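Heads up, the thing below is written out as structure tokens.
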Amino acid sequence: MDYFENDPELPPEVENVDITRRNNTLIIKAVSADDNLSKYTPTAQLKASVTENRVYEEEPPRAGAPSWGDEEEEEIPSELVEFACFKGDLETVLQNTALQYPMFLVLREIAMLSEKGTLTAITEESDELQATRIVEGEVRAASVEVVENPQQNGSSDSGINWRDNKFIS
């Protein structure tokens, strides 16, 4: 991954990262800077699926578009590029709890470089909830609203009452 080849500044708790590829899965695992953390403690890791896409220097002609005359078609320069796709939620992308927040910071930096996709998260640091939203590499406004009783928010009819659901016994 280009991001890690450029020797990025990692959070102080993370000494380095181990990158492993198994078929079409990329696993980026934190290596702890703390010697007191047992080598048997699973540290946080980011998991992505690897896909290949053809990237064209200019937009290719659309299939079914009219062709004028019997011109010989020019091949548009392109290259096959591999992409790491961090998709899913909760433990699908960020696994294991040791060094979880520092690895979230790494994921956030990767999201800032991305051209496509969204990272949305709520984290807690120093007893403060922090909302994060990054869309196509841009930080967007995000907020966290904590309410005592969500039904007081005016949406009492739009939801499932799991306690009185006759289909669940």
Tell me which residues, restricted to region 24-46, are assigned to a strand (DSSP E or B) and open to solvent by less than 30 Å² (accessible area, probe 1.4 Å). Leu26, Ile27, Ile28, Ala30, Ser32, Thr43, Leu46
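So which residues in region 113-124 are open to solvent by 70 Å² or more (accessible area, probe 1.4 Å), modelled with pLDDT of 90 or more and either within 21 Å of Glu82 (Cβ to Cβ) or hydroxyl-bearing (Ser, Thr, Tyr) (or both)? Working first, answer last.
Filtering region 113-124 for residues open to solvent by 70 Å² or more (accessible area, probe 1.4 Å) gives 113, 115-116, 118, 120, 122, 124.
Adding the requirement that they be modelled with pLDDT of 90 or more leaves 113, 118, 120, 122.
Passing the criteria: Leu113, Thr118, Thr120.
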Qualifying residue in region 153-165 (condition: open to solvent by 70 Å² or more (accessible area, probe 1.4 Å), aliphatic (A, V, I, L, M) and either at pLDDT 90 or above or in a loop (DSSP other than H, G, I, E, B) (or both)): yes
Working only within region 125-139, note down all residues that are within 21 Å of Pro102 (Cα to Cα) and within 18 Å of the chain's Cα centre (by Cα). Gln130, Ala131, Thr132, Arg133, Ile134, Val135, Gly137, Glu138, Val139
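Just to be sure before I move on: is Glu82 of a type in the set (Asp, Glu), open to solvent by 80 Å² or more (accessible area, probe 1.4 Å), in contact with a Ser or Thr (Cβ under 8 Å, 6 or more places away or on another chain) and at pLDDT below 85 in the structure I sent?
Numbers: of a type in the set (Asp, Glu): yes; open to solvent by 80 Å² or more (accessible area, probe 1.4 Å): yes; in contact with a Ser or Thr (Cβ under 8 Å, 6 or more places away or on another chain): yes; at pLDDT below 85: no.
Here the answer is no, as Glu82 does not meet what is asked.
Of the residues in region 79-108, how many are of a type in the set (D, E, K, R) and within 10 Å of the chain's Cα centre (by Cα)? If you could, list the steps in order and put the result at the bottom.
From region 79-108, those of a type in the set (D, E, K, R) are 79, 82, 87, 89, 91, 108; that's our starting set.
Keeping just the survivors that are within 10 Å of the chain's Cα centre (by Cα) gives 87, 89, 108.
Counting residues in region 79-108 that are of a type in the set (D, E, K, R) and within 10 Å of the chain's Cα centre (by Cα) gives 3.
The values are calculated or read from the model by the stated rules, or taken from the named source; none is laboratory data. Source: prediction; values computed, not measured. All Cβ positions, even for glycine, are placed from backbone atoms using ideal geometry, and neighbour counts span all protein chains on display. Surface accessibility is based on the protein's heavy atoms, side chains included, excluding ligands, DNA and RNA. Shrake-Rupley method; radii C 1.70, N 1.55, O 1.52, S 1.80 Å.
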